[in-house]
Amino acid sequence: MDLREEILKRQDPYINEILENSSVSILGCGGLGSNIAMSLARCGIGHIYIYDYDKVEYSNLNRQNYDVADLGKSKVIQTKKRIEETIPYAKVYPRELKINWENLEEISKKTDIFIEAFDKKEMKSLVFDFFLGRKNKKLIIGSGLSGLGDLEDIRVKKIDNVTMIGDFRTSPEMGLYLPYVGVIASLEALYAVKIIEGEANGK
């Protein structure tokens, strides 16, 4: 049994094979993105593309997948490093980049599944507007993940090729806490895996 099989032996071998040949892009590498990237790597996603221009700050450490040694360093580079230390066979492609409409055209050619992981409304809107209606692409967005949350408020909404997950009402001014941010991050990662599995099985 090789290393990948050993690590993933508690998962369905058939799904493991599907995930090994899959690719996902994550736009943003903060509270959502850094945790989504690790979740997807642990699931066995074959190729993970991550995009962010930011560096790690103290205020990130309460909810983002970094530690004190990462302070002042690139989020995407440190995420790649952390994943590869945890899941040695993972293939992570980091790019330090501030997302805009022009570079989304280039980024959109890399994969067919994209996960939006920003906390600024204008960035969420930019990504939503870009991908909406692009039939060969799937976009997953987190909307409402602040405060301590009410789990019964979490919903999934679908608009064409876009899936939105969250409570659709809370905002960052209510505070950002890992237990709730992490729930939304896990659900976004889960939905990406379900899309991949579903498409492989013609669902």
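The values are calculated or read from the model by the stated rules, or taken from the named source; none is laboratory data. In this text, all values refer to a predicted model and were calculated from it rather than measured experimentally. Cβ atoms come from the backbone with ideal geometry, glycine included; neighbour counts cover every protein chain shown. Side chains included, ligands, DNA and RNA excluded: accessible areas come from the protein's heavy atoms. Shrake-Rupley method; radii C 1.70, N 1.55, O 1.52, S 1.80 Å.
List every residue pair whose Cβ atoms lie under 7 Å apart, where the two residues are 6 or more positions apart in sequence or sit on different chains, the first residue falls within region 130-142 and is open to solvent by less than 40 Å² (accessible area, probe 1.4 Å), and the second residue, located anywhere, is among the small types (Gly, Ala, Ser).
So the pair list comes out as Lys137/Ser108; Ile140/Ala192; Gly142/Ala117; Gly142/Gly166.
Restricting attention to region 70-84, which residues are among the small types (Gly, Ala, Ser) and over 10 Å from Asp52 (Cα atoms)? Break it down into steps so the answer makes sense when it comes.
Of the residues in region 70-84, the ones among the small types (Gly, Ala, Ser) are 72, 74.
Correct list: Gly72 only.
Just to be sure I understand, how many residues within region 1-45 are open to solvent by less than 20 Å² (accessible area, probe 1.4 Å) and among the β-branched types (Val, Ile, Thr)? Write out each step before concluding.
Filtering region 1-45 down to residues open to solvent by less than 20 Å² (accessible area, probe 1.4 Å) leaves 8, 16, 19, 22, 24-34, 36-38, 40-41, 44-45.
From what is left, the residues that are among the β-branched types (Val, Ile, Thr) are 24, 26, 36, 45.
Total meeting the criteria: 4.
Can you report the number of residues in region 157-203 which are open to solvent by 20 Å² or more (accessible area, probe 1.4 Å), of a type in the set (S, T, N, Q) and in contact with a strand residue (DSSP E or B) (Cβ under 6 Å, 6 or more places away or on another chain)?
0
Of all helices (runs of 4 or more DSSP H) completely enclosed by region 26-118, which ones contain at least 2 residues that are within 30 Å of Pro13 (Cβ to Cβ)?
Numbers: elements: 33-43, 75-86, 101-107.
In region 26-118, 33-43, 75-86 are the helices (runs of 4 or more DSSP H) which contain 2 or more residues that are within 30 Å of Pro13 (Cβ to Cβ).
Can you confirm whether region 156-163 contains a residue that is farther than 26 Å from Gln11 by Cβ and in a helix (DSSP H, G or I)?
There is no residue in region 156-163 that is farther than 26 Å from Gln11 by Cβ and in a helix (DSSP H, G or I).
For Ile195, all conditions in the list (1) part of a loop (DSSP other than H, G, I, E, B); (2) among the β-branched types (Val, Ile, Thr); (3) farther than 17 Å from Lys124 by Cα hold save one; what is the number of the exception?
(1)
For region 166-182, does any single residue satisfy the condition of being hydroxyl-bearing (Ser, Thr, Tyr) and within 17 Å of Ser23 (Cα to Cα)?
No, region 166-182 contains no residue that is hydroxyl-bearing (Ser, Thr, Tyr) and within 17 Å of Ser23 (Cα to Cα).
I'm trying to understand the selection: among the residues of region 92-127, which are farther than 17 Å from Phe168 by Cα, loosely packed, with under 15 Cβ neighbours inside 10 Å and among the polar types (S, T, N, Q)?
Within region 92-127, Asn100, Asn103 qualify.
With the requirement that a residue be over 17 Å from Ile140 (Cβ atoms) and touching a strand residue (DSSP E or B) at 6+ places or on another chain (Cβ under 9 Å), what does region 29-51 give you? Please lay out each step first, then the result.
As a first pass, look at region 29-51 and keep what is over 17 Å from Ile140 (Cβ atoms): 42, 44, 46.
Gly46, the sole residue that qualifies.
Consider region 61-76. How many of its residues are in contact (Cβ under 8 Å) with a residue 40 or more places away in the chain and open to solvent by less than 20 Å² (accessible area, probe 1.4 Å)?
Initial filter on region 61-76 (in contact (Cβ under 8 Å) with a residue 40 or more places away in the chain): 62-63, 75-76.
Now drop any that are not open to solvent by less than 20 Å² (accessible area, probe 1.4 Å), which leaves 75-76.
Count: 2.
Condition first: at negative phi, at pLDDT 95 or above and not aliphatic (A, V, I, L, M). Now tell me which residues in region 167-196 satisfy that.
Asp167, Tyr177, Pro179, Tyr180, Gly182, Ser186, Glu188, Tyr191, Lys194
What is the number of the single condition among (1) part of a helix (DSSP H, G or I); (2) more than 23 Å from Ser146 (Cα to Cα) that Ser125 does not meet?
It fails just one condition, (2).
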